[in-house]
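The values are calculated or read from the model by the stated rules, or taken from the named source; none is laboratory data. Because the structure is predicted, anything quoted here is derived from the model rather than measured. All Cβ positions, even for glycine, are placed from backbone atoms using ideal geometry, and neighbour counts span all protein chains on display.
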Amino acid sequence: MKQYDAIIIGAGQAGGPLARKLAAAGKKTAIIEKRWVGGTCVNDGCTPTKTMVASAKMAYLAANSGPLGVKIKNFSVDMPKIKKRKDDIVHQAREGNQKGIEKTQNLDLLFGEAVFTGEKTISVKLNSGREKELKADLIFINTGAKPFVPEIEGINDIGYLDSTSIMELDHIPEHLLVIGGNYIGLEFGQMFRRFGSKVTVIERSGRIVSREDEDISEALTKILKDEKIAIHTNASATRFKKKTGGNIVATISKDGKEEKIKCSHVLIAVGRTPQSKSLNLDSTGVKVDDKGFIIINDKLETNVKGIYALGDVKPGPAFTHISYNDYTIVYRNLIEKQKLTIKDRPVPYCMFTDPQLGRIGLSENEAKKLGIKYKVAKLPMAHVARAIETGDTRGFMKAVVDPDTKKILGAAVLGQEGGEIMTVLQMAMMGNITYEQIRYCVFAHPLYAESLNNLFLALED
Ligand SMILES: Cc1cc2nc3c(=O)[nH]c(=O)nc-3n(C[C@H](O)[C@H](O)[C@H](O)COP(=O)(O)OP(=O)(O)OC[C@H]3O[C@@H](n4cnc5c(N)ncnc54)[C@H](O)[C@@H]3O)c2cc1C
């Protein structure tokens with residue numbers, strides 16, 4: 001049994017940087033990773049998807065260059081090349097992350113699967129076949145999440161795709177059926193439509209991205225339908241059957257009626273489930289909720305003193321920047337003796353459809369539910385000079401404000417560079433800059449951000 005000061009399970013977005021900093025702070029540290037350093041973000045999430053989203057955008061621009069006076073004839077999509085570019089970028093990022101860990105003194109990187117065997121003791125089934133026993137007073141669980149697969153009749157007979165395996169395709173599906181009209185499903189749906197697939201999206205709720213305000217769902221639905229993506233809402237897949245010849249027939253229940261859709265590939269994108277089960281958490285006394293997420297307090301500590309959970313394996317928003325921020329909170333509390341918590345931290349995010357949706361703070365629906373006094377400022381991208389000049393006026397900017405304090409409570413920007421514009425508003429929120437100040441602020445012309453003047457001029461006092 002090897003004794004460490006700190007053990008980290010999972011080299012994800014919190015685990016890797018935390019391990020390096022703890023080791024540098026003098027703690028004898030071990031980090032255990034069962035697959036690849038960098039976790040989901042680098043290997044199966046943000047990095048590969050955004051790489052492929054860029055290829056899809058290039059195809060879209062080539063197909064739609066005519067209105068800007070540029071004729072592109074006979075362009076084609078080279079899927080093996082798109083995949084290779086994605087793989088190269090992922091490998092580079094992964095290797096960079098791994099080298100950073102390997103060159104850190106005081107830090108052991110073990111490739112294998114960690115399982116708790118008792119109170120703060122861990123057994124690692126090394127990928128080499130051997131086993132190792134470790135122990136530490138401080139343990140950090142950063143094991144992330146994996147795609148959730150719903151129980152649907154026939155699902156295991158059709159070779160369905162998930163968010164990881166779809167990026168291994170070296171061909172363009174003829175007809176991709178996407179189960180789940182949320183962030184991941186829509187990013188992939190639009191991407192493969194732009195590569196040339198026929199795409200159908202099935203969403204159980206009454207609208208896609210149902211966590212967002214209705215006007216965002218509506219505008220996004222129009223944007224995707226304009227690209228000839230079929231969207232069925234209030235619909236769920238109830239059965240799959242593989243036909244001879246390879247095609248798949250999906251039975252869809254929609255508004256109480258059954259419908260059959262023939263497709264070539266099915267992508268399951270209905271959410272993610274925490275990787276906590278195989279950790280044998282009972283043996284060390286760590287509690288999980290009914291969905292398997294590790295229960296933590298607002299300093300990210302579990303019910304067992306000295307054991308922490310960071311990133312997607314705990315409840316709450318599942319984003320790379322949140323996992324990374326978890327690491328900075330835990331590290332600064334432990335080593336710099338600060339008293340930071342995850343309460344009230346900003347949770348910005350961006351959906352990388354094209355145009356993007358950048359979001360921060362309260363939505364209009366959330367403000368309504370809270371029963372607070374609020375006003376909504378809204379500006380269509382068709383009124384944004386830069387959008388007109390660039391030739392893409394899809395979407396709108398929207399902000400929820402407090403009419404008394406003039407503070408910005410939240411924002412949604414669906415448009416080109418929507419994530420970047422949202423970030424300008426996030427900075428304003430963090431610095432308590434009022435919408436009146438932004439209304440009369442001098443911004444460089446003609447930027448998308450310049451239109452924040454007009455967004456807030458749209459508010460009548
Ligand atoms: C398709 C897709 C696109 C995404 N796009 C974005 C985006 O654009 N922006 C964004 O912010 N977020 C995005 N996300 C979410 C983001 O990837 C995750 O929120 C983030 O990676 C969470 O990191 P983490 O640190 O919690 O865990 P992870 O990065 O998942 O790392 C967990 C690690 O733990 C390892 N592990 C698990 N169990 C064990 C064990 N028992 N022993 C040893 N090792 C173990 C795993 O192999 C893994 O490497 C996307 C996700 C997906 C799937």
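Between 249, 313, 330, the distinction of being outside the structural domain of residue 46 (by TED's automatic domain parsing) and in contact with a strand residue (DSSP E or B) (Cβ under 6 Å, 6 or more places away or on another chain) belongs to 249 only.
Residues that are basic (Lys, Arg) and within 16 Å of the ligand (Cβ to nearest atom) do occur in the range 13-31, at least one of them. Exactly one residue out of 50, 81 is within 16 Å of the ligand (Cβ to nearest atom) and assigned to a helix (DSSP H, G or I): that is 50.
For every residue, the table says whether it meets (1) surrounded by fewer than 22 Cβ atoms within 10 Å (Cβ to Cβ); (2) at negative phi; (3) not assigned by TED's automatic domain parsing to the domain that holds residue 310.
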| residue | (1), (2), (3) |
| --- | --- |
| 19 | no, yes, no |
| 74 | yes, no, no |
| 84 | yes, yes, no |
| 90 | yes, yes, no |
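Looking across the range 177-216, the residues that are within 15 Å of the ligand (Cβ to nearest atom) and either under 21 Å from residue 61 (Cβ atoms) or hydrophobic (A, V, I, L, M, F, W, C) (or both) come down to 178, 179, 184, 186, 187, 188, 189, 190, 191, 192, 209. Only one entry in 108, 162 is farther than 30 Å from residue 50 by Cβ and touching a strand residue (DSSP E or B) at 6+ places or on another chain (Cβ under 9 Å), namely 108.
Checking the range 414-436 against the condition returns a match, with at least one residue being part of a strand (DSSP E or B) and touching a residue at least 60 places away in the same chain (Cβ under 8 Å). In the range 253-282, the qualifying residues are those that are closer than 16 Å to residue 203 by Cβ and within 27 Å of the chain's Cα centre (by Cα), and the one that is farthest from the ligand (Cβ to nearest atom) is 263.
Here's the yes/no breakdown for (1) at pLDDT below 95; (2) of a type in the set (Ser, Thr, Tyr); (3) surrounded by fewer than 17 Cβ atoms within 10 Å (Cβ to Cβ); (4) not assigned by TED's automatic domain parsing to the domain that holds residue 222:
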| site | (1), (2), (3), (4) |
| --- | --- |
| 341 | no, yes, yes, yes |
| 344 | yes, no, yes, yes |
| 347 | no, no, yes, yes |
| 350 | no, no, no, yes |
| 361 | no, no, no, yes |
| 364 | no, no, no, yes |
| 368 | no, no, yes, yes |
| 371 | no, no, yes, yes |
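If the condition is being touching an Asp or Glu at 6+ places or on another chain (Cβ under 6 Å) and without any contact (Cβ under 8 Å) to a residue 12 or more places away in the chain, then the range 94-135 contributes only 123. No other residue among 106, 74 is more than 21 Å from residue 323 (Cα to Cα), at pLDDT below 95 and away from the ligand (no atom under 12 Å from the Cβ) apart from 74. Screening residue 367 on (1) part of a loop (DSSP other than H, G, I, E, B); (2) over 25 Å from residue 297 (Cα atoms) shows it passes everything except condition (1).
Selection of the range 167-176 for residues being within 16 Å of the ligand (Cβ to nearest atom) and either touching a helix residue (DSSP H, G or I) at 6+ places or on another chain (Cβ under 7 Å) or not acidic (Asp, Glu) (or both) yields 167, 169, 176. Could you say whether any residue in the range 389-400 is under 20 Å from the mean Cα position of the chain (by Cα) and either at positive phi or of a type in the set (Gly, Ala, Ser) (or both)? No - not one qualifying residue is present in the range 389-400.
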